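A short write-up of the structure that comes next.
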Amino acid sequence: MDFNMKKLASDAGIFFTRAVQFTEEKFGQAEKTELDAHFESLLARADSTKNWTEKILRQTEVLLQPNPSARVEEFLYEKLDRKVPSRVTNGELLAQYMAEAASELGPTTPYGKTLIKVAEAEKHLGAAERDFIHTASINFLTPLRNFLEGDWKTISKERRLLQNRRLDLDASKARLKKAKAAEAKATTVPDFQETRPRNYILSASASATLEDTCRPPSWAEWKEDYPGGWRRPCFFLVPLNPSLTLARGCLSLPKDRKLWNDEVDKAEQELRVAQTEFDRQAEVTRLLLEGISSTHVNHLRCLHEFIESQTTYYAQCYRHMLDLQKQLGSSQGAMFPGTFVGTAEPASPPLSSTSPTTTAATMPMGPSVADLAPPGEAALRLEEVAPPASGTRKARVLYDYEASDSSELALLADELITVYSLPGMDPDWLIGERGNKKGKVPVTYLELLS
């Protein structure tokens, strides 16, 4: 491979400068360029978004797939860019076991018939769960992963680049500060009447003590440096041991001042370049951080889609279980005569021949008492129902509710209705009245007003 040694050395020098600046900042020995408050708030919001997105993503994966081994397997397939194999859901597996048990124990027996019906319902539940997992993965999990693996990586990269630009800027500021201090020190005229250290001597002829490279300038050089006329020669402050410390010319020579002026100019130029690069990178990072608001809008839309898919899934489960309950309720009298009801007449309608207390204890659980009674009888009873002597209450409807049969009252959100309860009635239901309409309403859809 062809290595560019100059570039490698330059990068190593920049890295070392940044490391020194970062270390001095940590120990409080160097100044640090602070970002504005709005920028800091954008950084904090971005970090918070990333952290909570990771937590929500992990917990949603646990909700959709509780098995950790299965989650690891799906993760490996995704990393290998391969299609995840179809996996049987727990409901479908349970349905398979029930169907096999019914086949072996006897499909014509009451137990076998019930196993077959429950297996069919569990099969539908498993299929609904599969659709829900697939929809939630596409509409909710995938956008969250795309943010963490795409947008957030870009933001992190630009933030690291901004940190490097800031370190370069602060290092340039420190370099300029040192250059100006050295320039000021070099341009100061030394006071030769001050007390000098004992190991230094003042000599008007330094050529005898210093090396040739440190000799005083000749008359021709003085004329060249001072074309305006004669100036008094400068004395040299010479150490007793020239091999340890060499005095490199007079401290007030114009050449030294020009050298430090060039150093200051160079430091100022580097500072201007570093400031420009820092400002440009700060603007790029700011635009990316402000894009977090768009990310929130996108995640909000995905969250709504996730709730819609979850609502659809639970509605399907409720419908399948309600159908199964009706099937089991219609056949349990024939399979278990006299077991669930208190009489020896299993064919008699439970609501028309028993008291309300007996009915509540023996009927199958469901959303409505009228599910087990003929619609005509239920409507007749509701017309004959009168408010109790204890009075009625007003209630505000929280959600829309669609009546499942003629015994129930359809509701619209935010409307006010009159409600009351009857002795022996299911505590989860009330009788609701709106104008000349009357029917049963679920308590969970109401807010009772005092």
Residue under question is R58, and the condition is that it be assigned by the TED database to the domain that holds V118, over 16 Å from L125 (Cβ atoms), over 25 Å from the mean Cα position of the chain (by Cα) and not aliphatic (A, V, I, L, M); does it hold?
no
Six or more apart or on different chains, Cβ under 7 Å: which pairs go from a residue in segment 29-46 that's within 18 Å of R280 (Cα to Cα) and part of a helix (DSSP H, G or I) to one that's among the acidic types (D, E) and open to solvent by 60 Å² or more (accessible area, probe 1.4 Å)? Could you list them?
L42/E290
Residue within segment 147-169 that is open to solvent by 70 Å² or more (accessible area, probe 1.4 Å), touching a residue at least 24 places away in the same chain (Cβ under 8 Å) and closer than 25 Å to M321 by Cβ present:
no
Hey, can you tell me all the residues within segment 91-116 that are open to solvent by less than 50 Å² (accessible area, probe 1.4 Å) and farther than 30 Å from F132 by Cβ?
G106, G112
Quick one: which of E25, E61, E54, E34 is more than 30 Å from R145 (Cα to Cα) and at pLDDT 80 or above?
E34
So, in segment 371-403, exactly how many residues are more than 14 Å from E433 (Cα to Cα), modelled with pLDDT of 65 or more and out of contact with any Leu (no Cβ under 9 Å at 6 or more places or on another chain)?
2
Select from segment 84-109 the residues that are within 21 Å of L63 (Cα to Cα) and either touching a His at 6+ places or on another chain (Cβ under 8 Å) or without any contact (Cβ under 8 Å) to a residue 40 or more places away in the chain (or both) and list them in ascending order.
V84, P85, S86, R87, V88, N90, G91, E92, L93, L94
Selection status of R130, over 16 Å from the mean Cα position of the chain (by Cα), modelled with pLDDT under 95 and open to solvent by 40 Å² or more (accessible area, probe 1.4 Å)
yes
How many residues, within segment 72-87, are part of a loop (DSSP other than H, G, I, E, B) and exposed (fewer than 10 other Cβ atoms within 10 Å of the Cβ)?
6
Kindly indicate whether Q316 is assigned to a helix (DSSP H, G or I), in contact with a helix residue (DSSP H, G or I) (Cβ under 7 Å, 6 or more places away or on another chain), assigned by the TED database to the domain that holds L144 and modelled with pLDDT under 90.
no
Tell me whether segment 117-126 contains one or more residues that are open to solvent by 30 Å² or more (accessible area, probe 1.4 Å), touching a helix residue (DSSP H, G or I) at 6+ places or on another chain (Cβ under 9 Å) and among the small types (G, A, S).
no
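The values are calculated or read from the model by the stated rules, or taken from the named source; none is laboratory data. As the structure is a computational prediction, the values presented were derived from the model and not from experiment. With ideal geometry, Cβ positions are generated from the backbone for all residues, glycine too; neighbour counts draw on all protein chains shown. Surface accessibility is based on the protein's heavy atoms, side chains included, excluding ligands, DNA and RNA. Shrake-Rupley method; radii C 1.70, N 1.55, O 1.52, S 1.80 Å.
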